[in-house]
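What follows is calculated from the coordinates using simple rules that are stated; it is not laboratory data. Just so we're clear, the structure is a prediction, and the values are computed from it rather than from any experiment. Reconstructed Cβ throughout: ideal geometry from the backbone, glycine too, with neighbour counts over all protein chains shown.
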Amino acid sequence: MEKISRNNEKFNEFEEKIYKELMNEGIKRTQEWFRKVDNIILKSRDKEFLKPKDFKKITIKCRFGYVEYYRRRYELTVNRKISYVYLLDEYLEIASIGQYLQSIVDIVIREVVEKSYRQTAKTISKDTAITMGHTSAINIVIKVSEKIKKMEEEKAKLYDRGELEGTKEKK
């Protein structure tokens, strides 16, 4: 029979330990998945136009932590012009701002509406397995607003050329 003593871990400590183990498992599974998909892409690519060049190490920041992996870079030759692409990123539609994946960006945007940048960064650091400073939260908001501005300008150009249906909004 096991005795209960004051030295047993508290539920909060137990919860934190399990949380960290699950986050580490998520990172490992993501890395394995990336490798598997990358190998499938390597075998199924158009070999005439896409030649494997090298690997580039990258770290992305997602809800369960920092995922470090190597992505294969391909040399793409079209009309004698050479460019480089990361087919894994394109295939998986990895959307990010810097190293922060879209899931983190979405949390920042949701939080910053009601909180300061500093409080938003604290929330991200508390609720995910990554650490964020307020400057990163500011930079994310700036980049998102720049994307929105660019989209709005493109819509306005389409409207001016008569290529977009709709009416102007009245206040």
So which lysines pass the test for LYS115, namely a Cα distance under 25 Å, with those fewer than 8 places away in the same chain ruled out? LYS61, LYS126, LYS143, LYS147, LYS149
In whole Hz, with x marking every Gly and Pro, tabulate ³J(HN,Hα) for segment 122-136 from phi via Karplus 6.51 cos²θ - 1.76 cosθ + 1.60, θ = phi - 60°. 5, 4, 4, 5, 7, 8, 10, 9, 10, 9, 10, x, 5, 5, 5
For the chain, what number results from the quotient of the Cα radius of gyration and 2.2 N^0.38 Å? 1.44
Between ARG110 and LEU22, 0.36 nm times their residue separation minus their Cα-Cα distance comes to what? 29.2 nm
Within 12 Å, Cβ to Cβ, of TYR100, how many net charges do the neighbouring residues add up to if Lys/Arg are +1 and Asp/Glu are -1? +2
Beta carbons within 10 angstrom, averaged per residue: use that to sort the peptides 123-129, 42-48, highest first. 123-129, 42-48
For TYR100, what residues show an amide H to amide H distance below 5 Å, using hydrogens built from the backbone and excluding near sequence neighbours? LYS61
Given points 7 Å out from each Cα along the Cα-Cβ axis, report the GLU15 to ARG35 separation in nanometres with one decimal. 3.4 nm
The local net charge around TYR91, scoring Lys/Arg +1 and Asp/Glu -1 for residues other than TYR91 whose Cβ lies under 15 Å from its Cβ, equals +2
In whole Å, what is the distance between the alpha-carbon centres of segment 108-170 and segment 72-99? 25 Å
Kirkwood-based shape ratio for segment 17-76, expressed as Rg/Rh from alpha carbons: 1.11
Beyond 23 Å, what share of the Cα-Cα pairs of segment 82-171 is found? Please give it as a whole percent. 45 percent
